[in-house]
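Working notes, structure below.
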Amino acid sequence: MIVGIGIDSVDIQRFAHWHIYNPQILRRIFSDQEIDYCLQNNTKSAERFAVRFAAREALFKALTMHAPGHNIPFLTLCRAVSIQKHMNVPSLHINWPTIQRWYPYEPVTPLLSLTHTQHIATAWIVLQKHDNYQP
């Protein structure tokens, strides 16, 4: 069962200089693994940071849809999230204990889709709850 959806688009140009930021600043939003991945290629770092930031915004919207009135502080959510790639497919990992105080429900499965053009990065999140459905 789908319990939340979120989408966000950001202008990649906003992230053009993020590759020169101090890693300590970047860690307020991204995991070490994400920072390493984004900084592997300076010509792609802006789009990589942008789409990962958009994913956090989309997740915030999806969680807010599922749990209205239980708004998780955005930077807390950022630190609880990591986007990892396996076989070139991105997946969103959430450290549920970190946000449990603001999200009083069972963990759900986040489904993630990322895309970008030359100027815009977009992320789409679907939160899926697993029922004990027996056909």
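Laboratory data are not the source of any read-out in this text; all were calculated from the coordinates shown. Since the structure is predicted, the reported quantities are computational estimates derived from the model, not experimental observations. As a convention, Cβ positions derive from the backbone with ideal geometry for all residues, glycine included, and neighbour counts pool all protein chains shown.
Here are a few things to note about the model shown:
- Scanning the stretch 13-44 for residues that are under 16 Å from the mean Cα position of the chain (by Cα), more than 30 Å from residue 129 (Cα to Cα) and crowded, with 20+ Cβ neighbours inside 10 Å yields 15, 38.
- Options 62, 58, 123; residue that is in contact with a Gly (Cβ under 9 Å, 6 or more places away or on another chain), assigned to a strand (DSSP E or B), small (Gly, Ala, Ser) and surrounded by 15 or more Cβ atoms within 10 Å (Cβ to Cβ): 123
- Count of the stretch 65-115 residues, restricted to those that are assigned to a loop (DSSP other than H, G, I, E, B) and of a type outside the set (Asp, Glu), is 19.
- Across the stretch 28-55, the qualifying residues are those that are touching a residue at least 40 places away in the same chain (Cβ under 8 Å) and not in a helix (DSSP H, G or I), and the one among them that is farthest from residue 92 (Cα to Cα) is 28.
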